[in-house]
Amino acid sequence: MKTMKISLLAAALALAGASRAETLRLQRVEGDLIPSSLVTAKAAPAPMAEESRPVYFSWALDANEALSPPAPFRAESREFWTQLDAAKAKQGWGFVPTAEGALVRISLQGAGKNRSLRASDVQLRVDGAVRDSASVIEHLAEDADLKAVGAQFSDGTLVFQLAPGLVGKRIDVALPKSAAGALMHVLEPASPVVMTLSANAVQAVPGQRITLDAGFLDQAKARSARKVAGLVTAPDGRSFDLEFRIDKAGRAVASFEIPADAGGGLEPWEIHAFGSAQLAKDTVLRDARTAVMVGLPTARFTGAAEVLQRDGGVVFQMPVETAAAGRYELRGTLYGSDASGVLKPMAIAHGAQVLGAGGGTLELHFTPDVLNPALGAPYALRDLNLSDQSRMSLSEQRREALDIAQLP
């Protein structure tokens, strides 16, 4: 009889701390990061004792400060690169500067790359006429000068800045005495002509399709791209060609799928696009780069979620499936509605704990002190992220995870 009383007392205390849970289903919208399958990652280092304990924390947000997702990164380029074989380097290669102060860097390639490159090795032509270096070059740094200041350029590099008054003129750069190829880099810091490049996702998982958008701006006004090509380079050295299509608006678009056997972690998949635009009678070249971080999804949500009241606060429980043991983290933002029915940010919560391979349940704890009494139903949980802390990788991300009619 005494044992029964103790059991009833324990049950009563448990019920006093937590109310009936409401079961919901996670929502998915376009742009969410949701893995179709899991990756069995290599074993993570065993956590220290203090890292094995679950950790939960939350903090209140200002309801009047609107939260907005970060805009996709857009690379902007005022530079281009061109690889010249020995014959082309000897003959010369030209471009038309669009602004004063263009910087030209030439690096020898192949058999001759370890020798010094001097100003006397370079022939400069302006609109087809050979000119002396002093009339074309304002500032110059030879190989020895670059090494003296610790510049991290390869051996056999020469850098110079064009003199004023050459905008709109064709500048040909040749190495008539060289038997080596050369890499030429032209940077126009003050140019009004910019090539842009962006991806529709910064974080990705194997099997996900990435869409790319490239274009040209001239004094912030859109210009039609003439031609754009590209390359994706993986951290393991593999590369994949990109085929850009120019639409009616003059934008160049392409897409590629992250291979199913892609590696992941903190190393980026680099995207390199090289394009041209026609401005008046001149062709302007630009190269642009961006990157996508590919994570190995070792965990994912089952799709179910429970909301319950505990100790005056609100707890979200998220069952997850795991392919590897590790420490997993959950993050989310709770919203409530103001008097006019508009959703306003209330609080952010993080929770992390160690789970074994197979699965478990992660929790977000919104404590009573972070719940804004001025915000009421309906509620919403937004920006729900699931990460593998052991391998520093994002596994799943849902922007509009839950709409909640009423909290328990």
Residue identified as closer than 18 Å to SER387 by Cα, aliphatic (A, V, I, L, M) and in a strand (DSSP E or B) among VAL307, VAL314, VAL292, VAL284: VAL292
Show me the strands (runs of 3 or more DSSP E) entirely contained within the range 102-172 in which 3 or more residues are surrounded by 14 or more Cβ atoms within 10 Å (Cβ to Cβ) and either more than 37 Å from the chain's Cα centre (by Cα) or among the basic types (Lys, Arg) (or both). 123-126
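For the structure I just gave you, tell me whether PRO378 is closer than 21 Å to LEU308 by Cα and without any contact (Cβ under 8 Å) to a residue 12 or more places away in the chain. If you could, list the steps in order and put the result at the bottom.
Values: closer than 21 Å to LEU308 by Cα: yes; without any contact (Cβ under 8 Å) to a residue 12 or more places away in the chain: no.
Judged against the criteria, PRO378 is not a match.
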All but one of (1) surrounded by 21 or more Cβ atoms within 10 Å (Cβ to Cβ); (2) under 23 Å from VAL202 (Cα atoms); (3) not basic (Lys, Arg) hold for LEU364; state the number of the condition that does not hold. (2)
In the range 321-355, anything surrounded by fewer than 21 Cβ atoms within 10 Å (Cβ to Cβ) and over 30 Å from the mean Cα position of the chain (by Cα) is listed as SER337, ASP338, ALA339, SER340, GLY341, VAL342
Looking at (1) under 30 Å from ALA352 (Cα atoms); (2) surrounded by 17 or more Cβ atoms within 10 Å (Cβ to Cβ), which is the only condition ARG286 fails? (1)
In the range 347-404, anything in contact with an Asp or Glu (Cβ under 9 Å, 6 or more places away or on another chain), small (Gly, Ala, Ser) and not in a strand (DSSP E or B) is listed as GLY358, GLY359, ALA374, ALA401
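FYI, it's all coordinate maths here, none of it is from the lab. Not measured: the values here are computed from a predicted model. Don't worry about glycine lacking a Cβ; one is built from the backbone with ideal geometry, like all the others, and counts go over all protein chains shown.
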